[in-house]
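A short write-up of the structure that comes next.
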Amino acid sequence: MHAPTQAALVTGCALALGACKPSAKSDAAPSASASAQRGTAQSPWLIGMSQCNLGEPWRVQMNQDVKLAAEKHPNLKVVFKDAQNDSLRQRAQVEELVAQKIDLLIISPKEAAPLTQPVAEAHRKKIPVIVLDRGVQGDEFTTFIGADNVKIGREAGKWAVKALGGKGLIVELEGLMTSTPGQDRHKGFREGLELEKHPDLKVVFEADMQWLEPNARKEMESALTTQKKIDLVYAHNDPGAHGAYLAAKAASRDKEMKLIGIDALPHEGVEYVKQGILDATFLYPTGGVEAIDTALDLLAGKSVPKKVVLGTRAFTKDNVSLGGEAIP
Ligand code: FRU
């Protein structure tokens, strides 16, 4: 199932008389000194988990998924850091974890650019690095795990076209546009809308709500003031869609429009669809379990793919009681 192990890669290089890059080793295994001592219940592997914030329910869920998956393995110990939505703090925390001699780093970065360098430095020190959900720039990390945000955005766009019959006025409330899911969910949505084919479909208001419900509510208040009619709101996450709903409801305009979001946590987005607050939400899995599975492979010296793409599902009022619908 997995690509050749580190041992196989190293042997392959030796046979090819230096044809392989020496960096092949860094992608497979932790540093030799640490690996000689750790990996038992008495002396477990030390995993550093750098989380960009715990102010949003989805991230609390991610940490919980990591924690529960790791607890099944007595040879793993996870140290959690919460950057409280501050990229500079997250940089410092990654450096601290590296100084603590972790055997492996899992990071869900707030923003791509500021976290690229500390991640690359950990990787250069031969610490395997799993980048989870939001990306960094370049390729100096071991593996990326996350769902395909362009695809999710595209599905949301196609859903919007269908729900509106190809005609209507749209508000887009974006996630932080310095983070990769914000950029990708925007790009995919516009692809799915195919505005060039739908002259009566217009995005009339667009704002960055930075993934935060209170910001989304404020931006939606501006949209409601400037736009006499809104047919659909696409928010890049469910807290954003809920913020938009609260603003529309306060203005007695919630019935006028359809609302769609992303994340589909059972106790958040899926619940909103059940209650008729949202019309659709798309699953964005946390990847916590997959991160621990991948960590175990890496700590065992196995190679893993550079990218692990997680699936998604659509939840609407028609399918929510059936657990949503898988998107191929
Ligand atoms: C939580 C969150 C989720 C979103 C993800 C994107 O911080 O905003 O709502 O899907 O981050 O990285």
**OP:** With respect to LYS302, determine if the residue is of a type in the set (D, E, K, R), under 18 Å from the mean Cα position of the chain (by Cα) and not assigned by TED's automatic domain parsing to the domain that holds LYS167.
**Re:** no
**OP:** Would you check which residues across the range 153-182 are within 16 Å of the ligand (Cβ to nearest atom), out of contact with any Asp or Glu (no Cβ under 7 Å at 6 or more places or on another chain), part of a helix (DSSP H, G or I) and small (Gly, Ala, Ser) and list them?
**Re:** ALA156
Original post:
With respect to the numbered conditions (1) charged (D, E, K, R); (2) surrounded by 21 or more Cβ atoms within 10 Å (Cβ to Cβ); (3) outside any helix (DSSP H, G or I), which one is the sole condition not fulfilled by ARG185?
Top reply: (3)
Original post:
Scanning for something among the charged types (D, E, K, R), crowded, with 20+ Cβ neighbours inside 10 Å and in contact (Cβ under 8 Å) with a residue 12 or more places away in the chain, does the range 200-212 turn up at least one residue?
Top reply: no
Subject >> Residues (more than 16 Å from the ligand (Cβ to nearest atom) and under 10 Å from LEU173 (Cβ atoms)) located in the range 203-217 >> reply: PHE205, GLU206
Original post:
Which one of these does PHE141 not meet: (1) in contact with a strand residue (DSSP E or B) (Cβ under 6 Å, 6 or more places away or on another chain); (2) more than 18 Å from GLY243 (Cβ to Cβ); (3) not in a loop (DSSP other than H, G, I, E, B)?
Top reply: (3)
Original post:
Out of (1) within 16 Å of the ligand (Cβ to nearest atom); (2) touching a Gly at 6+ places or on another chain (Cβ under 9 Å), what's the single condition that is false for GLN51?
Top reply: (2)
**OP:** Test ILE130 against the stated conditions and say whether it is modelled with pLDDT of 95 or more and outside the structural domain of VAL79 (by TED's automatic domain parsing).
**Re:** no
Subject >> Which listed residue is surrounded by fewer than 18 Cβ atoms within 10 Å (Cβ to Cβ) and either in the same structural domain as GLN64 (by TED's automatic domain parsing) or within 16 Å of the ligand (Cβ to nearest atom) (or both), from GLU290, GLU256, GLU271 >> reply: GLU271
Original post:
Could you say whether any residue in the range 212-226 is β-branched (Val, Ile, Thr), touching a strand residue (DSSP E or B) at 6+ places or on another chain (Cβ under 8 Å) and either at pLDDT below 95 or closer than 21 Å to LYS187 by Cβ (or both)?
Top reply: no
**OP:** Count, please, the residues in the range 224-249 that happen to be touching a helix residue (DSSP H, G or I) at 6+ places or on another chain (Cβ under 8 Å) and away from the ligand (no atom under 16 Å from the Cβ).
**Re:** 8
Original post:
Which of the residues that make up the range 124-152 are of a type in the set (Gly, Ala, Ser), within 16 Å of the ligand (Cβ to nearest atom) and without any contact (Cβ under 8 Å) to a residue 60 or more places away in the chain?
Top reply: GLY135
Original post:
Restricting attention to the range 227-249, which residues are touching a residue at least 12 places away in the same chain (Cβ under 8 Å), more than 16 Å from TYR272 (Cα to Cα) and either out of contact with any strand residue (DSSP E or B) (no Cβ under 7 Å at 6 or more places or on another chain) or acidic (Asp, Glu) (or both)?
Top reply: ASP231
Original post:
From the list LYS162, LYS187, LYS167, which residue is in contact with a helix residue (DSSP H, G or I) (Cβ under 6 Å, 6 or more places away or on another chain), more than 30 Å from ARG38 (Cβ to Cβ) and outside the structural domain of LYS81 (by TED's automatic domain parsing)?
Top reply: LYS187
Original post:
Going by the structure shown, is SER222 outside the structural domain of LEU132 (by TED's automatic domain parsing), surrounded by fewer than 21 Cβ atoms within 10 Å (Cβ to Cβ), in a helix (DSSP H, G or I) and among the hydroxyl-bearing types (Ser, Thr, Tyr)?
Top reply: yes
Original post:
Inside the range 83-94, can you point out the residues that are assigned to a helix (DSSP H, G or I), surrounded by 15 or more Cβ atoms within 10 Å (Cβ to Cβ) and of a type outside the set (Val, Ile, Thr)?
Top reply: SER87, ARG89, GLN90, ARG91, GLN93
Original post:
Looking at the range 54-82, which of its residues are within 11 Å of the ligand (Cβ to nearest atom), crowded, with 19+ Cβ neighbours inside 10 Å and outside any helix (DSSP H, G or I)?
Top reply: GLU56
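The values are calculated or read from the model by the stated rules, or taken from the named source; none is laboratory data. Keep in mind that this is a model prediction, so the values were computed, not measured. Cβ atoms come from the backbone with ideal geometry, glycine included; neighbour counts cover every protein chain shown.
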